[in-house]
Amino acid sequence: MSAGRAVLTAHVASFSYDGATPLLRDIRLALGEGSLTAILGASGSGTSTLAKILAGWAVAPGRGRFEGHLGLGPEAPGARLTFRGRPDDPRLSLGAWGQHVAYVPQRAADLLTGAAVSVGEELAFALEQRAVPRGPMRERVREAACAVGLGDHLERDPSRLSGGEQRRLALACAIVGRPSVLVLDDPSASLDGSGRMALGSLIDGLRAEGVAVVVAGACADRLARSADEAILLDGGTAAAEGTPEAVFATEAFARSGVLPTDPADEDGVPLATAAVGHARGTITLARLERVSFSYPGSASRVLDGADLEVRAGEVLALTGPNGAGKSTALRHLAGLARAAGGRVLVAGADIAGMPAGRVAAAVGTLFQEPRDQLFERTAAREVAFGLRLRVPGSIRLGRTAARTRAGEALEAVGLAGSAGTHPYDLSASGQRLLALATVLARAPRVLLLDEPTVGLDRHGLARLEAVVAAAAEGGAAVVLSTHALGWARLHAHRVLSLKEGRFAPA
Ligand SMILES: Nc1ncnc2c1ncn2[C@@H]1O[C@H](COP(=O)(O)OP(=O)(O)OP(=O)(O)O)[C@@H](O)[C@H]1O
């Protein structure tokens, strides 16, 4: 695709996960030095799979059947690997490939070792494998951390970072090894405004040094718009290719379900929240009253006298920088974190000392990482599970009623056709919608949604908007945390920003 000297070439003649139904067919890429390529496609179109193939993660026995070529550097015999989906295919050494091609998956935490006790150690890991001497290693670790805004967090425990901070760390891990190709799946997900700006500058800097960058996703955001080349995946193949402008102008793009604008963009969105009208309810369903909280072992207060109130029928959006404490505030409302000072009230009751299981009778939570809340064999069973539980204060449904309700909830989020699918076989956005269905099915009075828009395409976002509006119409209180500020201004009654432990109108 790119006219510059190719640093990576790929021909995906065919790729399937199950060895039978091809997900991708006849896709060719040639990534030029210093180029930016956008791989766009709606949920399930294969953008993440193509990113994984380029990164070498999907090219291994047991990971799927790949037929085609992968080549590093100018095409030459030996630099090109040919795959026929057979046992005698070349073994792609992820270690060797990874020295040239770095990758940040959609679920950024998957890139982290899980063994490092500090951000600095996590970053040093890849360099230790390459025997980089201590002095330069320290310098490169600091440089990579600073590039993503984690320069002051080198001593922090990676497992205790917020979602956005973890994405920043994964990005730093990818660049610390100085790759010649960087593949980023949904790179802006969970990043605040400054994180997005830093990502843009980082990519510009890497391209100036000759690194070929690939961004994959379901949104024609600023990064995709600034690409040299875009490729639109639809129906398993490249439905359009060319400059972003040319691709965005095609009928295939209009049909595809790719978001034509970024939900984070505030351009043209009025400051006062608009489309949803006024919340009608007067009953307060959830409240934080002067809540203070610090995580164990940390001197700083994440919440510091935070006040928040949400009424029946209201959609309240929480925004604020990465690490500000939005998820922490939601955890308090779900009874999963306990205030050190102040009170948390849900449906009129002070929940101090109330077991989280009991709070769950009134509250449903969509977590920031939805895969963490999925554990069943099929999507239908996943949704039915919570309906069959004995939760004090809520009604346990019989098997048939639970199945019917689960079907309705799957239908509402657009997953009726995936009822029999294993939750882990759904795309990341499919998993988010499934987790949302598990919450909706129980019809809780308070809905807590942690970054519900992340990774959703146009169809997914429309479903989310519909179910949030319907829940509020039905009298539920909805509290969602988001960096999609433009979207929040359109779909929430109020938007609050969390800074220094307190909420204020955004
Ligand atoms: N289990 C934990 N132990 C210690 N610190 C934590 C833990 N979980 C989160 N933190 C820290 O608390 C702060 C608030 O985190 P939280 O996840 O609530 O932020 P957030 O506003 O939701 O961020 P993001 O926008 O990145 O998702 C961050 O500094 C985070 O690193």
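The values are calculated or read from the model by the stated rules, or taken from the named source; none is laboratory data. Fair warning: this is a prediction, and the values are worked out from it, not measured in the lab. For neighbour counting, all protein chains shown are included, and Cβ atoms are generated from backbone atoms with ideal geometry for every residue, glycine included. Quick note on the areas: whole protein, heavy atoms, side chains included, nothing else; ligands and nucleic acids left out. Shrake-Rupley method; radii C 1.70, N 1.55, O 1.52, S 1.80 Å.
Things worth noting here:
- Those residues of segment 349-369 which are more than 13 Å from VAL291 (Cβ to Cβ) and over 28 Å from the mean Cα position of the chain (by Cα), in sequence order: ALA349, GLY353, MET354, PRO355, ARG358
- Segment 486-500 residues that are in the same structural domain as LEU318 (by TED's automatic domain parsing) and open to solvent by less than 50 Å² (accessible area, probe 1.4 Å), paired with ones that are away from the ligand (no atom under 15 Å from the Cβ) and in a strand (DSSP E or B) (beta carbon under 6 Å, 6 or more apart): ALA492/VAL315; HIS493/VAL315
- Out of ASP204, ASP221, sole residue that is open to solvent by less than 40 Å² (accessible area, probe 1.4 Å), closer than 19 Å to SER35 by Cβ and without any contact (Cβ under 8 Å) to a residue 60 or more places away in the chain: ASP221
- Matching residues in segment 470-485 - criterion: being over 30 Å from SER294 (Cβ atoms) and either open to solvent by 50 Å² or more (accessible area, probe 1.4 Å) or touching a Lys or Arg at 6+ places or on another chain (Cβ under 7 Å) (or both): ALA470, GLU473, GLY474, ALA476
Here's the yes/no breakdown for (1) open to solvent by less than 30 Å² (accessible area, probe 1.4 Å); (2) outside any helix (DSSP H, G or I):
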| position | (1), (2) |
| --- | --- |
| GLY417 | no, no |
| PRO452 | yes, yes |
| HIS459 | no, no |
| VAL468 | yes, no |
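- Exactly one residue out of GLU139, GLU241 is away from the ligand (no atom under 16 Å from the Cβ) and surrounded by fewer than 16 Cβ atoms within 10 Å (Cβ to Cβ): that is GLU139.
- Selection status of ARG167, open to solvent by 30 Å² or more (accessible area, probe 1.4 Å) and more than 19 Å from LEU127 (Cα to Cα): no
- Residue in segment 491-506 that is nearest to ASP457 (Cα to Cα), counting only those that are within 21 Å of the chain's Cα centre (by Cα) and either among the small types (Gly, Ala, Ser) or not in a strand (DSSP E or B) (or both): HIS491
- Residue, farthest from the chain's Cα centre (by Cα), within segment 317-348, restricted to residues that are away from the ligand (no atom under 16 Å from the Cβ) and within 12 Å of VAL446 (Cβ to Cβ): GLY348
- For segment 175-195, the criterion of being open to solvent by 30 Å² or more (accessible area, probe 1.4 Å), touching a Lys or Arg at 6+ places or on another chain (Cβ under 7 Å) and farther than 22 Å from GLY210 by Cα is satisfied by no residue at all.
- Residue pairs whose Cβ atoms lie under 9 Å apart, separated by 6 or more positions or on different chains, with the first residue in segment 140-167 and over 20 Å from PRO296 (Cα atoms) and the second hydroxyl-bearing (Ser, Thr, Tyr) and surrounded by fewer than 22 Cβ atoms within 10 Å (Cβ to Cβ), are ALA147/SER201; GLY149/SER194.
- Number of residues in segment 18-77 that are surrounded by fewer than 16 Cβ atoms within 10 Å (Cβ to Cβ) and either within 19 Å of the chain's Cα centre (by Cα) or in a strand (DSSP E or B) (or both) equals 2.
- Meets criteria (under 28 Å from the mean Cα position of the chain (by Cα) and more than 9 Å from the ligand (Cβ to nearest atom)) for ALA312: no
- Checklist (1) within 11 Å of the ligand (Cβ to nearest atom); (2) open to solvent by 10 Å² or more (accessible area, probe 1.4 Å) applied to LEU150, failing item: (2)
- Condition check for PHE367: touching a helix residue (DSSP H, G or I) at 6+ places or on another chain (Cβ under 9 Å), assigned by TED's automatic domain parsing to the domain that holds VAL478 and within 25 Å of LEU161 (Cα to Cα): yes
- Residue among GLY193, GLY163 that is within 15 Å of the ligand (Cβ to nearest atom) and within 23 Å of TRP57 (Cα to Cα): GLY163
- Pairs, first within 19 Å of LEU36 (Cβ to Cβ) in segment 240-262, second β-branched (Val, Ile, Thr) and open to solvent by 20 Å² or more (accessible area, probe 1.4 Å), C-beta under 6 Å, six or more apart: ALA240/THR250
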